[in-house]
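Structure record follows, encoded as structure tokens.
The values are calculated or read from the model by the stated rules, or taken from the named source; none is laboratory data. Fair warning: this is a prediction, and the values are worked out from it, not measured in the lab. No Cβ is skipped: glycine too gets one built from the backbone with ideal geometry, and neighbour counts run over all protein chains shown.
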Amino acid sequence: MISVPVSVQLLLPSVLFLIGLLGVLIRRNVIFMLMAMEIMLNAAGLVFIIGSSLWKQADGQVMVIFILAMAAAEVAVGLALILQVFQMHKTVDVDQLQELKDERERG
Amino acid sequence: MNIIFYLSAVVAIYCTLRAVFHKHAVHALLYLIVSLLAVAVVFFVLGAPFLAALEVIIYAGAIMVLFVFVVMMLNRGEAAIQQEKAWLQFSTWAWPAVFVLLLFAEWLYLLFYQPPAVAPVGGNQSIMPQQVGEALFTRYLLGVEMAAMLLMAGVIGAYHIGKQKQRNYHRYLEEEENLRSTASEKQTQQVI
């Protein structure tokens, strides 16, 4: 197995997580935001894997399987929502989607 | 093995950056798939062969294919790329990038100046699929059942949300629909 220091191993998921966070912050297209969320979930799974391999416990890998199932369900519902929103408003820009906002404050 | 870890880490970070900053949605998705494959290699090197296979099959396979389908259904061609170009200006991402870099600096400090004190001896060890399966179907059996129900709810929810509104193909039915909608509008106006 590899002999990389633990801090360096944990650096990879933290960088991936921060890139995903940056993606959620800077993008206005909903699909890209969902993609960035997937990146963040994946980074969290990577931390679980590192922990499970360091402690030689299978529990971390079980957690990653649950994360995978959750991500699959979330993507299915999220993409269906995006399709519906696109049919209603003809846009995927999050700034345009303000149906729930009060009429007076809409700018 | 170490060199494989570093190589795939570099590939994963580069491709994720490209995926986040790319203007073309399909290209960004392809970069994301490459990044997920690189992460799968990292899983394998870290001693999780089962999860590496699942990452390739479920993440890079199933979930990303779903994304590709939706992107193709929404695709508006050149106009979308121009719009993304207009949205992704330096002034848009400069401040978020600064804050994220700040967070990264804090993270670096935590990782290297106060490293995790409880790291066990022996380093990384591989865990075979047998152990994962054993844990999954004994201690985490309830979790498996709940994940199954979550997936079921996800499928049903996606079906109902994604369902198109029923169209009426007969004139008479259309008129009836219009009457009903105007009546309901009146009702809501009265309520207001």
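Quick look at the values:
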{"quantity": "Residues being at pLDDT below 90 and acidic (Asp, Glu) - total across region B:52-108", "calculated": "2"}
{"quantity": "Odd one out for B:Gly47, checked against (1) under 28 Å from A:Ser3 (Cα atoms); (2) modelled with pLDDT under 95; (3) more than 7 Å from every other protein chain (Cβ to nearest Cβ)", "calculated": "(3)"}
{"quantity": "Verdict on B:Leu173 being modelled with pLDDT under 90 and more than 14 Å from chain A (Cβ to nearest Cβ)", "calculated": "yes"}
{"quantity": "When residues of region A:1-11 are limited to those that are within 7 Å of another protein chain (Cβ to nearest Cβ) and either over 17 Å from B:Val39 (Cβ atoms) or modelled with pLDDT of 95 or more (or both), the one surrounded by the fewest Cβ atoms within 10 Å (Cβ to Cβ)", "calculated": "A:Ser3"}
{"quantity": "B:Gly133 being facing chain A (nearest Cβ under 10 Å) and over 23 Å from B:Phe44 (Cα atoms)", "calculated": "no"}
{"quantity": "Test for A:Ala36: is it more than 8 Å from every other protein chain (Cβ to nearest Cβ) and either basic (Lys, Arg) or assigned to a helix (DSSP H, G or I) (or both)", "calculated": "no"}
{"quantity": "Test for B:Ala62: is it of a type in the set (Gly, Ala, Ser) and closer than 23 Å to A:Asp95 by Cα", "calculated": "no"}
{"quantity": "Some residue of region A:95-107 being surrounded by fewer than 22 Cβ atoms within 10 Å (Cβ to Cβ), at the interface with chain B (Cβ under 7 Å from one of its Cβ atoms) and either in a helix (DSSP H, G or I) or of a type in the set (D, E, K, R) (or both)", "calculated": "no"}
{"quantity": "Residue within region B:21-38 that is on the phi > 0 side of the Ramachandran plot and either touching a helix residue (DSSP H, G or I) at 6+ places or on another chain (Cβ under 8 Å) or more than 9 Å from chain A (Cβ to nearest Cβ) (or both) present", "calculated": "no"}
{"quantity": "Residue within region A:44-58 that is within 18 Å of the chain's Cα centre (by Cα) and surrounded by fewer than 19 Cβ atoms within 10 Å (Cβ to Cβ) present", "calculated": "yes"}
